[in-house]
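Working notes, structure below.
What follows is calculated from the coordinates using simple rules that are stated; it is not laboratory data. This structure is a prediction, so every number in the text was calculated from the model and none was measured. Here the Cβ is made from the backbone with ideal geometry for all residues, glycine too, and neighbour counts use every protein chain on show.
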Amino acid sequence: MSEAGPPSPRADHAPRCPWVRDIPEFLPYHDHEWGFPIADDARLFETMSLESFQSGLSWRTILNKRDAFRCAFENFRAEDVARFGQADVARLLADARIVRHRGKIEATIHNAKIVEDIQNRCGSLAAFVWRFEPAPSSRPTHPTREDVMAVAETDESRALSTALKRAGWRFFGPTTAYAFMQAAGLVDDHVESCWCRPRAEAARSVFVRPL
């Protein structure tokens with residue numbers, strides 16, 4: 001994924017969201033990706049898939065394996081992943097670099113086909129998911145740690161999860177949907193004191209919502 005902004009300042013010189021906790025892998029991800037809006041279908045499919053793989057595991061584990069996931073899943077190009085067959089499932093189950101969960105692997109391949117269906121119906125996956133962006137009035141103006149920690153799912157994440165389930169998507173409940181919305185910039189959950197919040201807000205202010 002491309003970076004969005006200058007290099008990360010040192011952790012001891014910049015206030016960040018509490019979940020970062022000076023974990024080295026989290027710094028560039030938090031500072032240049034999390035909460036910044038995404039319109040590219042491959043990046044969205046990657047984010048949705050990795051959030052699904054993360055269920056029951058730590059995000060640190062997934063982030064450390066992200067390059068391997070990209071290699072294993074053809075950089076999450078849906079048109080390529082949708083063509084995977086049983087030989088690919090066997091290959092992925094034997095790949096110790098990724099999370100070897102048969103259900104999630106098979107769901108990712110299946111979901112790639114759903115991406116293609118959505119693209120045919122809506123023009124893009126981006127146009128589909130951005131319909132579920134919450135209204136600004138529903139979001140806290142000056143979010144605190146307590147505000148962010150108190151929310152695991154929302155009306156919008158439940159609606160997105162339901163719409164995807166109706167389309168045939170697998171492994172994407174309301175909590176996973178909300179984590180995806182945070183990661184893909186549909187919501188900005190950087191806390192008020194975080195140095196990235198104004199940057200994420202600036203990116204969202206000029207972001208052209210897909211139609």
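A compact table of results
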read-out	value
Cα-based helix-to-principal-axis angle, 197-206 vs the chain, degrees rounded to 10	60 degrees
The chain: most fluctuating residue of His190, His101, His13 per GNM, C-alpha cutoff 10 Å	His13
Under 5 Å, built H, 5+ apart or other chain: amide partners of Gly185	Gly35, Phe36
Spacing of the two label points (7 Å from each Cα toward its C-beta) at Arg66 and Ala135, in nm	3.3 nm
Length-normalised contact order for the chain - Cα pairs under 8 Å, 6+ apart - percent	31 percent
Fewest-first sequence of Trp169, Trp195 by Cβ atoms within 10 Å of each Cβ	Trp195, Trp169
Label-reachable residues, the range 172-191, where backbone N falls under 19 Å from a point 7 Å from Arg121's Cα toward its Cβ	172-174, 177
Rounded to 10°, Cα long-axis angle of helix 174-183 versus longest principal axis of the chain	60 degrees
J(HN,Hα) series, the range 18-25, from Karplus relation 6.51 cos²θ - 1.76 cosθ + 1.60, nearest Hz, glycine and proline x	x, 5, 5, 6, 6, 6, x, 5
Net charge, Glu25 excluded, C-beta distance under 14 Å - Lys, Arg +1, Asp, Glu -1	+1
Among [x] 36, 18, 15; [y] 28, 21, 15; [z] 22, 21, 17, the entry that matches semi-axes √(5λ) of the Cα gyration tensor in Å as calculated here	[y]
Asp40/Arg158 FRET efficiency (R0 30 Å; Cβ-Cβ; nearest 0.05)	0.75
